[in-house]
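Here is the structure we will look at, set down as structure tokens.
Throughout, read-outs are computed from the coordinates displayed, never taken from laboratory work. These numbers come from a predicted model, not from an experiment. Heads up, the Cβs are rebuilt from the backbone with ideal geometry, glycines too, and the neighbour counts pull from every protein chain shown.
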Amino acid sequence: MRIERVELHHIALELVHPFETSFGRETVRPCILVSVHADGLVGWGECVAGAGPWFSCETVGTAWHVLRDFLIPAVLGQEVISPADAVALFPPIRGHPMARAALENAVWDLVAQARGVPLARMLGGVRDRVPVGVSVGIESSLEALLERVEAYIAEGYGRVKLKIKPGWDVEVVRAVRERWPDLPLQVDANAAYTLDDAPVFRELDSLGLLLIEQPLHHEDLVEHARLQAQLRTPICLDESIRSPEHARWALEIEACRVINIKVGRVGGLTAARRIHDLCAERGVPVWCGGMLETNVGRAANVALATLPNFTLPGDISASARYYRQDVAEPNFVLNEDSTISVPTEPGLGVRVIPERLSAARLRHLVRSARRDFPV
Ligand code: NPG
């Protein structure tokens, strides 16, 4: 099918509850939704770049620029029959994985719809429900955190991830562990520590955690290998893995024993599946990370997490945990067994609601292929 039009929708949605990590606090989340139009169908992708370069160097502004000036012109008016065709058209851009992922994933949705199959099936997924957990941000006090964890457990979340940073770590994690001795629990430092903090991680090592996520520098592999050698608890890398190559290098030097795959961070579903396959070959479990996505990005995450080696619960919580009103329907809900059901409709299985999209939209770009242009 010929890509006739691509649109960018810069939107912002207010979070139900502010989300604080070691790099900052978010109350409103901006993102770019990409729509790709062909043969009367519309494929959707979500760009997870944030307002500022805090989690990664990409922002809404850099992603808008790369999409508008490099990626969209490369695919407009072109014929695609598979997502690989779209990726092959992309210019050889270094970096900017979140911008690339948004457009590529929209093409996955488009092609899956054209073939009449759910995205999960097109990716090779094997599950109809995916195990999930909840990520709990840094709170104003330990009491507030315990209350929040308790509320999420009552909602049915069977695995909890706590955000940590220097000054909000061992004591907090110990308190949660003492209150819920059998709770599957993990922590995420978002790169807030250095190797000099190894004693903090040796203490966390005795708290029965599933994993310790990205303790050290956001681009490091070498020092993570040194830290992993001192710990029984698996280190899981997030920020450091921005491509299949990073995953290979990390496993080569034993920098981690688990990988968090975020489809935006690694540059799209093709790269995400490649990292999944590599980890499966090496016996390294993976799980699906989250970036506070709308239902568009959440649907792609759910589809990805149906692949067989996603054996740990993902940061894919129910829609109600994020926004009062999402831009797409239906909402994802938590099943009693701490899973989320995989949509069975063709493509992503969610519909963007035009009125909600325009109410949330701050900026809109429409690029159409010239009909008279010889292709
Ligand atoms: O449930 O989507 C979710 C949030 C999971 O903790 C989560 N995400 O560092 O992994 C992270 C963190 C994050 C959120 C990072 C937003 C960047 C932006």
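Only Cα pairs within less than 10 Å get springs; with that Gaussian network setup on the chain, which residue of 102, 84, 154 has the largest fluctuation?
Fluctuation is largest for 154.
Rounded to the nearest 5, what % of the DSSP beta bridges within segment 121-341 are antiparallel ones?
20
Separation between the residue 144 and residue 174 pseudo-spin-labels, each 7 Å from Cα along Cα→Cβ, expressed in nm?
Taking the two extended label points, one gets 2.3 nm.
Kirkwood hydrodynamic radius, computed over distinct alpha-carbon pairs, for segment 121-341: how many Å, to one decimal?
When all Cα pairs of segment 121-341 are included, the Kirkwood radius is 17.6 Å.
Based on other C-beta atoms within 10 Å, arrange 65, 37 from fewest to most.
Exposure proxy ranking, most exposed first: 65, 37.
Report for the chain the percent antiparallel among DSSP-assigned beta bridges with both residues inside it, nearest 5.
Looking only at bridges with both residues in the chain, the antiparallel portion is about 65 percent.
Can you work out the Karplus-derived ³J(HN,Hα) for every residue in segment 14-19? Use 6.51 cos²θ - 1.76 cosθ + 1.60 with θ = phi - 60°, whole Hz, and x for glycine or proline.
7, 6, 4, 9, x, 10
Could you give log10 I(q)/I(0) at q = 0.17, 0.22, 0.25 Å⁻¹ for segment 270-361, computed by the Debye formula over C-alpha point scatterers of equal weight, without solvent?
-0.75, -1.11, -1.30
Mind telling me which of 290, 125, 116 comes out most flexible in a GNM of the chain, alpha-carbon contacts under 10 Å?
Top of the fluctuation ranking is 116.
Whole-Hz Karplus ³J(HN,Hα) for segment 49-66, in order, using 6.51 cos²θ - 1.76 cosθ + 1.60 and θ = phi - 60°, x for Gly and Pro?
The phi angles translate into 4, x, 5, x, x, 9, 6, 9, 6, 7, 9, 4, x, 5, 5, 4, 4, 5 Hz.
Can you find, among 172, 185, 333, the residue farthest towards the positive end of the dipole of segment 121-341? Put +1 on the C-beta of Lys and Arg, -1 on that of Asp and Glu.
Ranked along the dipole, the leading option is 333.
Determine the gain in length on full extension of the stretch residue 182-residue 70; use 0.36 nm per residue of separation and subtract their C-alpha separation, reporting nm with one decimal.
35.3 nm
For the residues 1, 98, what sequence is obtained by ranking on other C-beta atoms within 10 Å, fewest first?
1, 98
Report the percentage of all Cα-Cα pairs in segment 321-375 whose separation exceeds 19 Å, rounded to a whole percent.
Here the tail beyond 19 Å accounts for 54 percent of pairs.
Under the rule of -39500 (n - 2.57) per DSSP H run of 4 or more residues, summed and divided by the residues of the chain, what mean residue ellipticity at 222 nm is obtained, to the nearest 500 deg cm²/dmol?
It lands at -9000 deg cm²/dmol.
Taking amide hydrogens as modeled 1.01 Å from N in the peptide plane, which residues meet the under 5 Å criterion relative to residue 129, leaving out close sequence neighbours?
Amide H neighbours of residue 129, under 5 Å, 5+ apart: 342.
Treating the angle as unsigned and between 0 and 90°, give the value, to the nearest 10°, between the Cα long axis of helix 142-155 and the longest Cα principal axis of the chain.
60
Considering Cα pairs under 8 angstrom that are at least six residues apart, work out the relative contact order of the chain and quote it in whole percent.
That works out to 22 percent.
For segment 73-155, rounded, prolate or oblate, judged on the Cα gyration tensor with a ≥ b ≥ c (square roots of eigenvalues), a/c < 1.5 rounded, else prolate if a/b > b/c?
Oblate shape, in that a/c is at least 1.5 and b/c is the bigger or equal ratio.
Report the charge-dipole magnitude of segment 121-341 in Debye, nearest 20, computed about the Cα centre from +1 at each Lys and Arg Cβ and -1 at each Asp and Glu Cβ.
It works out to roughly 580 debye.
Hey, what D do you get for the chain in µm²/s if you plug the Kirkwood alpha-carbon radius into Stokes-Einstein at 4 °C and 1.567 mPa s?
62
Can you tally the net charge around residue 351? Count Lys and Arg as +1, Asp and Glu as -1, for every other residue whose Cβ sits under 15 Å from the Cβ of residue 351.
So the surrounding residues net to -4.
HN-Hα J couplings of segment 73-80 from phi, Karplus 6.51/-1.76/1.60, θ = phi - 60°, integer Hz, Gly and Pro as x?
x, 6, 9, 4, x, 8, 8, 9
First measure r as the distance between the Cβ atoms of residue 219 and residue 370, then evaluate 1/(1 + (r/R0)^6) with R0 = 41 Å and state the FRET efficiency to the nearest 0.05.
0.50
With a 10 Å Cβ neighbour count serving as the proxy for reagent exposure, in which order, fewest first, do 279, 288 appear?
In increasing order of surrounding Cβ atoms, one gets 279, 288.
Collect residues whose amide H, placed 1.01 Å from N in the peptide plane, falls under 5 Å from the amide H of residue 323; neighbours closer than 5 in sequence don't count.
Close amide H contacts, sequence-distant or interchain: 16.
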